[in-house]
Amino acid sequence: MESLRFVLPQSEIPTHWYNVAADLPSPPLPPLGPDGKPATPEQMGVIFPMAILEQEMSTERWIPIPQEVREIYRLWRPSPLVRAARLEAMLGTPAKIYYKYEGVSPAGSHKPNTAVPQAYYNRQAGIRRIATETGAGQWGCSLALACQMFGIEARVYMVKVSYEQKPYRRSMMRAWGAEIFASPSAMTQTGREALARDPDHPGSLGLAISEAVEEAASRADTNYALGSVLNHVILHQTIIGQEAKKQFEMADDWPDVVFAPCGGGSSFGGMAFPFFADNAAGGRNGKPVRLVAVEPASCPSLTRGKYAYDYGDSSGFTPMMKMFTLGHDFTPPGIHAGGLRYHGASPLVSQLYREGLIEAVAVPQLATFEAGVTFARAEGVIPAPESCHAIRAAIDEALRCKQTGEPRTLLFNLTGHGHFDMSSYDRYFAGELEDFEYPREAIEESLRHLPDFA
Ligand SMILES: Cc1ncc(COP(=O)(O)O)c(C=O)c1O
């Protein structure tokens with residue numbers, strides 16, 4: 001029987017993270033402080049430990065992974081690479097389809113890959129409390145888990161709609177010892193102001209970030225952690241692509257196209273950047289791998305946003321970052337891929353997209369659930385709604401191969417399972433989900449509020 005699963009021994013857990021900043025054609029643009037000047041480590045040090053800030057600014061190609069972090073990675077890594085042969089047969093495509101399954105982590109997604117090192121560096125710096133936000137609950141769970149492992153108190157501001165829709169994500173965070181607040185909350189000035197404006201405010205990721213940053217900035221014992229967007233987060237995720245490359249060698253194959261869902265950009269960067277390293281060096285066997293970020297049509301920061309300096313949160317507490325953005329006060333519609341409802345895309349992903357070195361596509365919600373159900377029926381795994389975006393794009397490519405007869409090799413990042421998203425699947429089955437294309441005027445309106453340094 002032909003092998004379908006490519007599993008590396010634990011000795012192959014990467015020893016270094018890959019830093020794409022070393023291979024960019026032009027240096028990354030710095031984050032800016034409120035005065036429009038590059039934000040200083042002292043300003044950012046109020047909420048981040050110095051080791052993380054060094055990684056954020058580093059242009060070293062390889063950064064060693066601390067042994068203690070690798071020891072924890074052993075609990076679920078290396079994650080499997082799987083050939084989706086049953087999906088190929090179901091589609092009748094000559095394409096070969098592989099997926100890298102990150103849902104094997106205890107929290108059920110790729111997010112612990114960065115939560116663990118972030119908790120580790122904070123603990124090294126003597127921090128005992130971390131505040132963060134969570135949209136869909138994947139990041140909150142991952143940080144709760146990682147903080148538990150390092151004896152840190154985790155405080156999670158969870159976007160109110162998700163808090164109400166996903167009670168079991170809350171239970172998981174509690175099981176790992178975290179405290180959870182529905183955002184907007186009465187705990188912070190930002191939350192109180194939002195509630196005064198609208199007592200039924202549904203919350204947004206940008207607002208929850210503002211609450212967590214406010215708490216971290218106002219207490220010396222508390223730091224802040226972010227689950228995507230920033231350079232160090234993407235750096236930590238590059239173990240995904242590094243493992244995938246070794247697994248393709250085991251399979252004696254190599255991808256022509258790589259897909260990943262793109263919210264803040266960490267699962268895309270984590271998977272795609274190690275392949276980009278080969279592209280930057282002329283491509284393996286002289287042939288570049290196409291790298292495709294897949295975003296929701298209802299929150300299309302790369303495909304319809306503006307490349308500009310903007311804040312990472314809705315209140316403007318974070319430094320300004322040069323990125324593709326829909327505007328920091330853009331409120332995405334309540335689509336069911338909560339982890340993709342973010343107004344911007346990581347500065348590193350944005351820069352590569354701007355320079356034409358990676359591609360992006362936007363897909364509508366209903367088509368993503370259809371792809372997720374097709375995948376579940378062929379391969380068994382029920383994917384997270386965020387991951388369904390990459391599956392949609394991979395299936396579309398496989399169907400194009402069917403038309404042209406090209407036997408391309410496709411890889412996608414199956415970033416998480418959907419076990420806590422079944423109410424969204426139920427709504428899809430009941431015909432209650434809708435597609436939503438954001439009107440151009442609404443995007444233009446929120447882009448009018450970009451900061452002056454845009
Ligand atoms: C399962 C899953 N995939 C993808 C994402 C998107 O985030 P990012 O773009 O940082 O990978 C999320 C975010 O919460 C997620 O939970």
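The table for this structure:
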{"read-out": "Nitroxide proxy distance, nm - points 7 Å out along Cα→Cβ at A89 and L195", "value": "5.6 nm"}
{"read-out": "Using θ = phi - 60° and Karplus 6.51 cos²θ - 1.76 cosθ + 1.60, couplings along the range 81-88 (whole Hz; Gly, Pro as x)", "value": "9, 10, 8, 8, 5, 5, 5, 4"}
{"read-out": "Sequence of F436, F181 once ranked by neighbouring C-beta atoms within 10 Å, starting from the fewest", "value": "F436, F181"}
{"read-out": "Footprinting exposure proxy for H328, H16 (fewest neighbouring C-beta atoms within 10 Å first)", "value": "H16, H328"}
{"read-out": "Computed magnitude of the charge dipole of the chain (debye, nearest 20; Cβ of K, R +1, Cβ of D, E -1)", "value": "820 debye"}
{"read-out": "Förster radius 41 Å - calculated FRET efficiency between L366 and S26, Cβ distance, rounded to 0.05", "value": "0.55"}
{"read-out": "Distance (nanometres) between label positions extended 7 Å along Cα→Cβ at T15 and Q43", "value": "3.9 nm"}
{"read-out": "Rel. contact order, % - alpha carbon contacts under 8 angstrom, at least six apart, the chain", "value": "19 percent"}
{"read-out": "Cross-link partners of K96 among lysines (Cα-Cα below 19 Å; sequence separation of 8 or more within a chain)", "value": "K245, K246, K287, K402"}
{"read-out": "Segment F453-S171, length gained on full extension (0.36 nm per residue, minus Cα span)", "value": "97.3 nm"}
{"read-out": "Helical contribution to [θ] at 222 nm, DSSP H n ≥ 4, -39,500 (n - 2.57), averaged over the chain, rounded to 500", "value": "-12000 deg cm²/dmol"}
{"read-out": "Proximal lysines relative to K37, as straight alpha-carbon distance under 22 Å, when same-chain residues fewer than 8 apart are discounted", "value": "K306, K322"}
{"read-out": "Simple Cβ-charge dipole of the range 326-454, Lys/Arg +1 and Asp/Glu -1, about Cα centre, in debye nearest 20", "value": "380 debye"}
{"read-out": "Local electrostatic count, W139, Cβ distance below 14 Å [Lys/Arg +1, Asp/Glu -1]", "value": "+3"}
{"read-out": "Selection from M323, S105, S424, by position along the positive dipole direction of the chain (Cβ)", "value": "S105"}
{"read-out": "Separation of the V7 and A442 label points, Cα + 7 Å toward Cβ, nm", "value": "4.6 nm"}
{"read-out": "Among L433, T374, G33 the positive-end extreme of the charge dipole of the chain (Cβ point charges)", "value": "T374"}
{"read-out": "Bridge type composition, the chain - antiparallel percent by DSSP, nearest 5", "value": "40 percent"}
{"read-out": "Between the range 256-330 and the range 391-430, the alpha-carbon center distance in angstrom", "value": "19 Å"}
{"read-out": "Dipole of the range 1-103, positive end: most advanced residue of I47, S79, T59 [Cβ charges, Cα centre]", "value": "S79"}
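Values in this text are rule-based calculations from the coordinates and carry no lab data. Worth saying up front: this structure is predicted, and the values here are computed from it rather than measured. Cβ: placed from backbone, ideal geometry, glycine included. Neighbour counts: every protein chain shown.
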